[in-house]
């Protein structure tokens, strides 16, 4: 609102956006979901790296050239256990990647809800601004009309010297 309207009507209080508390809550939810998504990606990446380390360790295993029967069986059991560990680590990495994708989808949904409220808020602010501009235009029109009618009255009114 311009200086003329402010001067005539005092300070102008804009109507609040009634959904502002909901918008703040949605923004908080979005930030929380974003942090959770980042943590889930870090966990999935770490799980994939651990699975690769287990696989590299398994592929680097070499049986000694000469083993007796008990040592051979122990080495085979250890290799089978290591292979199961690699398989479990890979399955965990896949599960955590899927979990990270689900958390990212939740974050995306939270961001969309927030964006919708932000658009409503922008429309509200635009409507308030438009109403303020219309009110200011009315005030200016009233001032111009009043001045014009005062000037005209002075021109039409005979003075005592006429």
Can you find even one residue in the range 144-152 that is modelled with pLDDT of 80 or more, surrounded by 13 or more Cβ atoms within 10 Å (Cβ to Cβ) and on the phi < 0 side of the Ramachandran plot?
no
Return the residues of the range 65-89 that are at pLDDT 85 or above and not in a helix (DSSP H, G or I); say none if nothing qualifies.
68
Pull up the range 60-108, narrow it to residues that are farther than 25 Å from residue 50 by Cα and in contact (Cβ under 8 Å) with a residue 40 or more places away in the chain, then point me to the one that is surrounded by the most Cβ atoms within 10 Å (Cβ to Cβ).
107
Is there a residue being part of a helix (DSSP H, G or I) and touching a helix residue (DSSP H, G or I) at 6+ places or on another chain (Cβ under 7 Å) anywhere in the range 123-132?
no
Got at least one residue in the range 91-99 being over 30 Å from residue 16 (Cα atoms), at pLDDT 90 or above and more than 31 Å from the chain's Cα centre (by Cα)?
yes
Consider residue 53 carefully, then state whether it is over 14 Å from the mean Cα position of the chain (by Cα), at pLDDT below 95 and surrounded by fewer than 16 Cβ atoms within 10 Å (Cβ to Cβ).
yes
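The values are calculated or read from the model by the stated rules, or taken from the named source; none is laboratory data. All values reported here derive from a predicted model rather than from experimental measurement. As a convention, Cβ positions derive from the backbone with ideal geometry for all residues, glycine included, and neighbour counts pool all protein chains shown.
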